[in-house]
4 protein chains.
Amino acid sequence: MADITETTPGWLAPDELELTRARMPILYVDAVPVRVDDSGEVTHIGLLLRIGPDGKVSRALVSGRVLHHERVRDALLRHLEKDLGPVALPRVPASPQPFTIAEYFPTQGITPYHDPRQHAVSLAYIVPVAGDCRPRQDALDLVWFSPQEASSPLVQQEMPGGQGVLLKQALAHVGCLS
Amino acid sequence: MADITETTPGWLAPDELELTRARMPILYVDAVPVRVDDSGEVTHIGLLLRIGPDGKVSRALVSGRVLHHERVRDALLRHLEKDLGPVALPRVPASPQPFTIAEYFPTQGITPYHDPRQHAVSLAYIVPVAGDCRPRQDALDLVWFSPQEASSPLVQQEMPGGQGVLLKQALAHVGCLS
Amino acid sequence: MADITETTPGWLAPDELELTRARMPILYVDAVPVRVDDSGEVTHIGLLLRIGPDGKVSRALVSGRVLHHERVRDALLRHLEKDLGPVALPRVPASPQPFTIAEYFPTQGITPYHDPRQHAVSLAYIVPVAGDCRPRQDALDLVWFSPQEASSPLVQQEMPGGQGVLLKQALAHVGCLS
Amino acid sequence: MADITETTPGWLAPDELELTRARMPILYVDAVPVRVDDSGEVTHIGLLLRIGPDGKVSRALVSGRVLHHERVRDALLRHLEKDLGPVALPRVPASPQPFTIAEYFPTQGITPYHDPRQHAVSLAYIVPVAGDCRPRQDALDLVWFSPQEASSPLVQQEMPGGQGVLLKQALAHVGCLS
């Protein structure tokens with residue numbers, strides 16, 4: 001889970017969020033943006049490109065908190081629009097069943113996922129995106145990878161916090177893991 | 001499973017198909033056509049309307065065989081185009097995981113599904129349809145129902161062979177069963 | 001979601017929990033205890049029986065919060081042991097993928113689920129239980145129902161907060177909804 | 001899909017099966033036998049060890065045809081007993097929803113799965129096994145691997161026909177793919 005600053009006003013002041021993060025699991029959504037062909041088969045996976053203060057390249061899925069009184073599918077739409085822009089045309093799945101649950105612990109090694117800031121439990125969805133993606137916020141770019149490229153060690157090592165594993169789980173779920 | 005005549009040329013002559021039906025489970029796909037809103041939530045379910053030789057109304061899902069050397073997603077597309085016309089714009093799911101398996105037995109009571117002609121095992125998918133549906137073949141019409149209407153006794157009793165149960169399973173999977 | 005008092009010490013004092021409940025979605029798990037036959041088919045569903053202060057009978061699934069730094073599967077085990085006793089021998093599924101997500105809102109009508117206390121998002125699992133169940137805490141009894149009984153109007157109306165709908169979704173998922 | 005001889009009497013004579021294999025997709029089941037800990041987490045994966053006429057080692061999942069008038073869960077049980085012996089105590093999942101569909105084509109490259117004999121479509125399930133496994137038939141042994149070992153190149157290259165990919169999909173589904 002990349003180091004995303006929530007810019008959408010939430011229901012918690014920053015210090016309250018910090019306090020709660022130390023006491024409760026925080027509910028997240030992770031979305032894997034994909035391009036599909038006419039038969040619905042995944043052809044490409046979109047990853048956000050970020051460059052850290054130290055110049056280090058990292059890649060991330062679309063990810064963020066679910067707010068109080070917000071439906072999971074509205075949280076997905078909000079984060080997709082925030083990260084991919086207003087004309088990405090994401091198709092949030094009809095079923096609320098996530099393809100997996102990613103449990104990000106502040107302690108490493110309990111699960112494949114890690115978030116030093118908090119214990120976050122994320123509902124993970126694959127979201128076909130039909131429109132034009134224009135990353136906003138702190139992402140430099142959205143880069144489309146073939147399934148082979150996405151599961152390559154090169155891309156995997158650029159995905160911190162276990163999101164590379166989550167990406168491989170998504171590829172496995174859509175039958176594109178080689 | 002409605003009494004559909006396969007018009008697409010298959011790899012089996014009719015008498016060979018009859019012979020095989022008595023010896024092997026036949027692989028089918030069932031598609032539940034749905035309309036979704038911008039957040040992906042199902043608003044309507046499309047059911048094919050047929051009138052039997054005795055004037056009896058029946059409603060059916062999109063359903064049919066998978067042919068030799070045909071991918072499951074291509075079989076879905078073929079049957080959707082056959083039943084909904086060429087501009088229905090179906091969005092076959094990215095994942096090959098069906099929401100359930102419907103086992104239609106020639107003997108009643110083994111499962112909720114029944115097909116007097118054969119033992120068919122059907123992979124069932126929910127398929128959002130964005131375009132204009134123009135039923136072809138032996139269906140008179142495609143009628144859109146709200147989730148409430150679709151699970152009502154009135155509609156359920158018009159769906160033979162257990163397809164009413166399969167429809168309710170689809171509604172449950174998308175979180176629209178009341 | 002029944003009115004369960006958390007007796008396991010959590011990481012939040014009661015007043016802090018109240019404060020957080022007004023600000024954040026709270027992560028829950030729902031478990032549907034089932035008996036299965038040798039082929040894995042569900043034969044019975046277990047529901048907790050409670051009698052309210054007004055003498056009103058209600059039935060509930062096993063349900064409760066996920067605590068800070070607790071894995072989802074450990075939360076499931078903890079609530080199953082709390083509600084079914086120490087020798088129930090629950091078989092928590094190998095896959096973390098829930099069969100659905102139940103979004104309980106404090107406002108009615110947004111989803112089929114409702115919890116006046118809070119916005120809770122619950123990961124729902126079907127859990128075969130092989131051992132002897134001895135309800136503890138505030139439940140009087142655990143009663144086993146056939147799939148037909150469990151989806152009957154009689155049982156459904158005794159399940160508040162939309163848990164009857166969640167139960168029907170579970171039955172649909174295991175192929176036992178008639 | 002390993003080269004398994006069906007010893008259970010089927011409804012097709014061998015030459016009829018050959019004929020049908022050239023004309024229809026054949027319905028299969030694939031089972032991934034796993035050991036789980038008390039919390040349901042997968043600790044080991046069981047693979048059948050076979051040695052070919054040329055002395056070549058290969059490893060396989062439990063796999064085989066679904067017969068006419070046989071339920072999918074009964075086919076799973078039959079193949080599990082055939083390959084793991086009578087006291088393996090397999091726990092066939094309560095839900096008929098497979099974690100994926102593996103489409104084995106006689107032509108290579110259409111999907112990750114390949115079977116030179118036929119077009120087989122396999123419903124794939126993860127099956128916890130609690131008892132003692134004693135391979136029968138043509139398998140020499142059942143060997144238990146950790147999730148890390150099972151997805152290693154060494155094991156993967158010993159699994160023909162794309163079953164290594166299917167195994168990785170199973171590991172992804174249970175959250176054990178690293």
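Working only within segment A:35-48, note down all residues that are open to solvent by 30 Å² or more (accessible area, probe 1.4 Å) and under 16 Å from the mean Cα position of the chain (by Cα). Before you say what the answer is, go through the steps one by one.
We begin by selecting, within segment A:35-48, every residue open to solvent by 30 Å² or more (accessible area, probe 1.4 Å); these are A:35-38, A:41, A:43-44.
Of everything in segment A:35-48, those that are open to solvent by 30 Å² or more (accessible area, probe 1.4 Å) and under 16 Å from the mean Cα position of the chain (by Cα) turn out to be A:Arg35, A:His44.
Among the residues of segment C:18-40, those that are of a type outside the set (Gly, Ala, Ser) and part of a loop (DSSP other than H, G, I, E, B) comprise C:Arg23, C:Met24, C:Pro25, C:Asp37, C:Asp38. Within segment B:22-34, which residues are under 30 Å from D:Glu16 (Cα atoms) and open to solvent by less than 50 Å² (accessible area, probe 1.4 Å)? B:Met24, B:Pro25, B:Ile26, B:Leu27, B:Tyr28, B:Val29, B:Asp30, listed by residue number. Looking at C:Ala172, C:Ala124, C:Ala150, which is the one that is open to solvent by less than 10 Å² (accessible area, probe 1.4 Å), at pLDDT 95 or above and more than 13 Å from chain B (Cβ to nearest Cβ)? One residue alone meets the criteria, C:Ala150. Of the numbered criteria (1) under 14 Å from the mean Cα position of the chain (by Cα); (2) open to solvent by less than 20 Å² (accessible area, probe 1.4 Å); (3) farther than 19 Å from A:Ser178 by Cα, the one D:Thr100 fails is (3). Just to be sure before I move on: is C:Leu77 within 10 Å of chain D (Cβ to nearest Cβ) and open to solvent by 30 Å² or more (accessible area, probe 1.4 Å) in the structure I sent? So C:Leu77 passes the test.
The values are calculated or read from the model by the stated rules, or taken from the named source; none is laboratory data. This one's a predicted model, so the numbers in the text were calculated from it and none came from an experiment. In this analysis, Cβ positions are derived from the backbone assuming ideal geometry, glycine residues included, and neighbour counts consider all displayed protein chains. The area values use the complete protein model at the heavy-atom level, side chains included, leaving out ligands, DNA and RNA. Shrake-Rupley method; radii C 1.70, N 1.55, O 1.52, S 1.80 Å.
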